[in-house]
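Novice: Dumping the structure here so I can ask a few things about it.
The values are calculated or read from the model by the stated rules, or taken from the named source; none is laboratory data. None of these values were measured; they are calculated from a predicted model. As a convention, Cβ positions derive from the backbone with ideal geometry for all residues, glycine included, and neighbour counts pool all protein chains shown.
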Amino acid sequence: MATERQADVTVNEILAAFAANGHLDYGENMSMQEHMLQTAHIAEQDGADARLIVAALLHDFGHLVCNMPNDTFLDGHDNHHEEIGADALAKWFDEDIVNAVRLHVAAKRYLCGSNPAYFDKLSDASKLTLEIQGGPMNDAEIQAFRSQPGHEMAVRVRVYDDQGKVQDMERPELGHYLPAIRKCLA
């Protein structure tokens, strides 16, 4: 468990990342911060525990800290934000939260590979990034994904992620989630 001082430092680093880059365009006519807050709100509304809410909130943290333009996908390049975000969060959170962040892109590929109808639920931008990220998983990839620790939590984050793209959604501000972040610090 983090000390109060360590928790303050961590929360301030997370808030600084949102302040620095939360305004960046997510690509769904909303900012990164808006999308991440919507995803956390949907998790909370679904009755998720604090760990899942924090994973939902921070699932795109890599976009905030990767120092790459968010439009790299338009050039056909993957910025691997899920890996960057998971690596950044690993110093603060447990393996379950980190793996949910690390696997949320793979979870999109998994959902589309294991249930082809899921593809139709994706936004146009998510369909574009899906192809850049490897497309729907094949049977071998599906089995490998299911064997990874945290894959179930990552699938739940992914479903919330796909729902968190609504214009003018009423949802709490970032400060609302600070107690959950503090509770989940390793």
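Novice: State the number of residues belonging to the stretch 144-173 that are part of a helix (DSSP H, G or I), surrounded by 15 or more Cβ atoms within 10 Å (Cβ to Cβ) and of a type in the set (Gly, Ala, Ser).
Specialist: 1
Novice: Find all pairs meeting these conditions: Cβ atoms under 6 angstrom apart; at least six residues apart or on different chains; first residue within the stretch 147-165 and in contact (Cβ under 8 Å) with a residue 40 or more places away in the chain; second residue of a type in the set (Phe, Trp, Tyr) and surrounded by 17 or more Cβ atoms within 10 Å (Cβ to Cβ).
Specialist: Every condition considered, the pairs that remain are HIS151/PHE145.
Novice: Within the stretch 41-67, which residues are part of a helix (DSSP H, G or I), buried (at least 19 other Cβ atoms within 10 Å of the Cβ) and either charged (D, E, K, R) or touching a Phe, Trp or Tyr at 6+ places or on another chain (Cβ under 6 Å) (or both)?
Specialist: Once the filter is applied, which keeps residues that are part of a helix (DSSP H, G or I), buried (at least 19 other Cβ atoms within 10 Å of the Cβ) and either charged (D, E, K, R) or touching a Phe, Trp or Tyr at 6+ places or on another chain (Cβ under 6 Å) (or both), the stretch 41-67 yields ILE42, ALA43, GLU44, ALA56, LEU57.
Novice: If you take the residues in the stretch 1-40 that are within 18 Å of the chain's Cα centre (by Cα), over 19 Å from GLY85 (Cα atoms) and surrounded by 15 or more Cβ atoms within 10 Å (Cβ to Cβ), which one is modelled with the lowest pLDDT?
Specialist: Restricting to residues being within 18 Å of the chain's Cα centre (by Cα), over 19 Å from GLY85 (Cα atoms) and surrounded by 15 or more Cβ atoms within 10 Å (Cβ to Cβ), the top hit is GLU28.
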